[in-house]
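The values are calculated or read from the model by the stated rules, or taken from the named source; none is laboratory data. What you see is a predicted model; the values in this text were computed from it and never measured. Cβ sites come from the backbone with ideal geometry, for glycine too, and all protein chains shown count toward neighbours.
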Amino acid sequence: MSKFYINGNRRLKGSVNISSAKNAVLPILVSTILTDSVSTINGSPMLEDVFVLCEVLRSLSAEVNIDRDNNKIDINTKNLKYEGIDNDLVRKMRASFLVIGAMVARFGKAKISLPGGCKIGSRPIDLHLKGLKALGATIKEEHGYVEVVAEQLEGNTVYLDFPSVGATENLMMAATLAKGDTFIENAAKEPEIVDLANFLNKMGAKIQGAGSGKICITGVKRLEGVSYTPIFDRIEAGTFIIAAPITKSKITIEGVDEEHLKSVIVKLREMGVKIDVFGNKIVVDGDVELKPTDIMTMPHPGFPTDMQSQMMTLLSITPGRSSVTETIFENRFMQVAELRRMGANINVNGRIATIEGVKELTGAEVVAPDLRAGAGLVLAGLCAKGETIVDHIYHIDRGYVTIEDKLNALGAEITRI
Ligand code: EPZ
């Protein structure tokens, strides 16, 4: 099990380029199931989750060519063959469940292992299934599998009780080949939803309103494979932005759109961080006196839950009392116990964490509990006095392309051991 060895208390400087968004690439790869032609994803991040999804496509007899040197993925779905999606693929990555809508649209049926929970919460799929039922599918759940059948999906109005990202993506994909119009109300508004709609529309779909709470999809007969470059990863960008005040450094983040990061930028400015935007560059000066603040994670455009643990690391060294309320997932404070080992003063009561800023953190051996909590611990290691060892960094590799290379290029001292 590889680990990060981090020598802390170092300033950073220079600029960093942001990769394409994992959470945009995954549903875009799934969309290729909807066509029987060739698509190319340019600039795709070479991440474990992306490779697992390519494995899922290959299990349906798609030809997938991953060109690591050029960050390119070619997918040929001409000879796609129906297959159930087996348990270990879904166990590896719950986002595999995103294929169910596209499979029903393409094959008229889909059988997939019910995704297990994960550490951050039970993560049910009730809204995905409710939506598919509204589009005329019959659903059967037994022996840990769910089977969805629909000769021809029929457009309908679907109201999402919660603006679920995955459910919005699943239903948007399914509706592209349904008969008639589908309206998704209380839809998720994340930038990755807009990027997926742009990709589908380029393939010939008719989708309007992506990014607003109401999306209209007019079914079409056929979609054509295309080449496409997904948007940048706003969570990777946010992670590097927060690294500046954590290490009292001034750094530049390139290849970003501030629109996708507004809530993070606004909160950091309220805390006293100097942030200037020049087109697709963000210059962050974190060598400032920080003021405490209160964070509440919300669906986009609110403060993103995927930035919660990185922000908690910053608040743990911000003088005064701050709080973090996690409203999206029921168990996303697993980084707290690890941060306490580094000297943080944090109390958790249900979904609210109260943080008393301490002067500095001290290096310790910690374990990454999940992807974003792991990123938060790496940031803690950057500012802690002494050495920090972060274990289980395979979680971090799922969402960040060699995070240590990018941080070391800014002056950090991280070794993968
Ligand atoms: C996506 O997960 C992201 N993953 C997550 O990023 C992100 O944290 C999450 O959206 C929220 O922004 C990908 O895009 C691959 P949801 P998803 O459906 O689609 C409840 C990362 O770090 N819910 O919006 O699973 C659910 O339990 C990952 O890259 C239902 O109740 O998120 C959760 O509490 C972590 N029923 C809330 O909605 C459903 O049918 C948000 O889930 C579906 C969801």
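A residue that is touching a Leu at 6+ places or on another chain (Cβ under 8 Å), at pLDDT 95 or above and within 29 Å of GLY166 (Cα to Cα) can be found somewhere in the stretch 379-393.
Does the stretch 398-417 hold any residues that are small (Gly, Ala, Ser) and within 16 Å of the ligand (Cβ to nearest atom), and which are they?
Start the filter on the stretch 398-417 by keeping residues that are small (Gly, Ala, Ser), which leaves 399, 409, 411-412.
Within the stretch 398-417, GLY399 is the sole residue that qualifies.
Consider the stretch 146-161. How many of its residues are in contact (Cβ under 8 Å) with a residue 40 or more places away in the chain, within 13 Å of the ligand (Cβ to nearest atom) and either more than 12 Å from LEU129 (Cβ to Cβ) or surrounded by fewer than 17 Cβ atoms within 10 Å (Cβ to Cβ) (or both)? Walk me through it before giving the result.
Start the filter on the stretch 146-161 by keeping residues that are in contact (Cβ under 8 Å) with a residue 40 or more places away in the chain, which leaves 146, 148-153, 155.
Imposing the further condition that a residue be within 13 Å of the ligand (Cβ to nearest atom) reduces the set to 146.
So of that shortlist, the ones also either more than 12 Å from LEU129 (Cβ to Cβ) or surrounded by fewer than 17 Cβ atoms within 10 Å (Cβ to Cβ) (or both) come out as none.
Total satisfying the criteria: 0.
Could you say whether any residue in the stretch 221-231 is touching a helix residue (DSSP H, G or I) at 6+ places or on another chain (Cβ under 7 Å), buried (at least 16 other Cβ atoms within 10 Å of the Cβ), more than 23 Å from ASP36 (Cα to Cα) and in contact (Cβ under 8 Å) with a residue 24 or more places away in the chain? Within the stretch 221-231 (the criterion being touching a helix residue (DSSP H, G or I) at 6+ places or on another chain (Cβ under 7 Å), buried (at least 16 other Cβ atoms within 10 Å of the Cβ), more than 23 Å from ASP36 (Cα to Cα) and in contact (Cβ under 8 Å) with a residue 24 or more places away in the chain), the answer is yes, since at least one residue qualifies. The strands (runs of 3 or more DSSP E) located wholly in the stretch 197-296 that include 1 or more residues which are more than 19 Å from the chain's Cα centre (by Cα) and assigned by the TED database to the domain that holds SER37 occupy 206-208, 214-218. Scanning the stretch 1-55 for residues that are farther than 29 Å from VAL284 by Cβ, hydrophobic (A, V, I, L, M, F, W, C) and more than 19 Å from the chain's Cα centre (by Cα) yields MET1, ILE33, LEU34, VAL38. Residue pairs whose Cβ atoms lie under 6 Å apart, sitting 6 or more positions apart in sequence or on different chains, and linking a residue in the stretch 88-104 that is away from the ligand (no atom under 12 Å from the Cβ) to a partner that is of a type in the set (Ser, Thr, Tyr) and assigned to a helix (DSSP H, G or I), are LEU89/SER96; VAL90/SER96.
Going by the structure shown, is LYS281 basic (Lys, Arg), closer than 23 Å to SER249 by Cβ, in contact with an Asp or Glu (Cβ under 9 Å, 6 or more places away or on another chain) and exposed (fewer than 15 other Cβ atoms within 10 Å of the Cβ)? Walk me through how you get there before you give the answer.
Working: basic (Lys, Arg): yes; closer than 23 Å to SER249 by Cβ: yes; in contact with an Asp or Glu (Cβ under 9 Å, 6 or more places away or on another chain): yes; exposed (fewer than 15 other Cβ atoms within 10 Å of the Cβ): yes.
In short, yes.
Within the stretch 136-168, the set of residues being modelled with pLDDT of 95 or more, of a type outside the set (Phe, Trp, Tyr), under 27 Å from the mean Cα position of the chain (by Cα) and in a loop (DSSP other than H, G, I, E, B) comprises LEU160, ASP161, PRO163, SER164.
Under the condition of being closer than 18 Å to ASN170 by Cα and in contact with a strand residue (DSSP E or B) (Cβ under 6 Å, 6 or more places away or on another chain), the residues counted in the stretch 76-93 number 3. Candidates in the stretch 175-196 are the residues that are more than 24 Å from the chain's Cα centre (by Cα) and outside any loop (DSSP other than H, G, I, E, B); of these, the one that is farthest from the ligand (Cβ to nearest atom) is LYS179. Scanning the stretch 170-186 for residues that are more than 17 Å from GLY219 (Cβ to Cβ) and either surrounded by 23 or more Cβ atoms within 10 Å (Cβ to Cβ) or among the hydrophobic types (A, V, I, L, M, F, W, C) (or both) yields a total of 0. Name every residue in the stretch 214-265 that is of a type in the set (A, V, I, L, M, F, W, C), touching a strand residue (DSSP E or B) at 6+ places or on another chain (Cβ under 6 Å), more than 25 Å from VAL30 (Cβ to Cβ) and within 16 Å of the ligand (Cβ to nearest atom), in order of residue number. Answer for the stretch 214-265, where residues must be of a type in the set (A, V, I, L, M, F, W, C), touching a strand residue (DSSP E or B) at 6+ places or on another chain (Cβ under 6 Å), more than 25 Å from VAL30 (Cβ to Cβ) and within 16 Å of the ligand (Cβ to nearest atom): just PHE240. Cβ-Cβ contacts under 9 Å between residues 6 or more apart (or on different chains), taken from a first residue in the stretch 22-45 that is within 16 Å of THR176 (Cα to Cα) to a second residue that is part of a helix (DSSP H, G or I) and among the hydroxyl-bearing types (Ser, Thr, Tyr), are listed as VAL30/SER96.
Between ILE139, ILE125, the distinction of being within 13 Å of the ligand (Cβ to nearest atom), free of Cβ contacts under 8 Å to residues at least 12 places away in the same chain, assigned by the TED database to the domain that holds ILE217 and not hydroxyl-bearing (Ser, Thr, Tyr) belongs to ILE139 only. Condition check for SER164 on (1) more than 13 Å from ILE217 (Cβ to Cβ); (2) in contact with a Gly (Cβ under 8 Å, 6 or more places away or on another chain): one failure, at (2).
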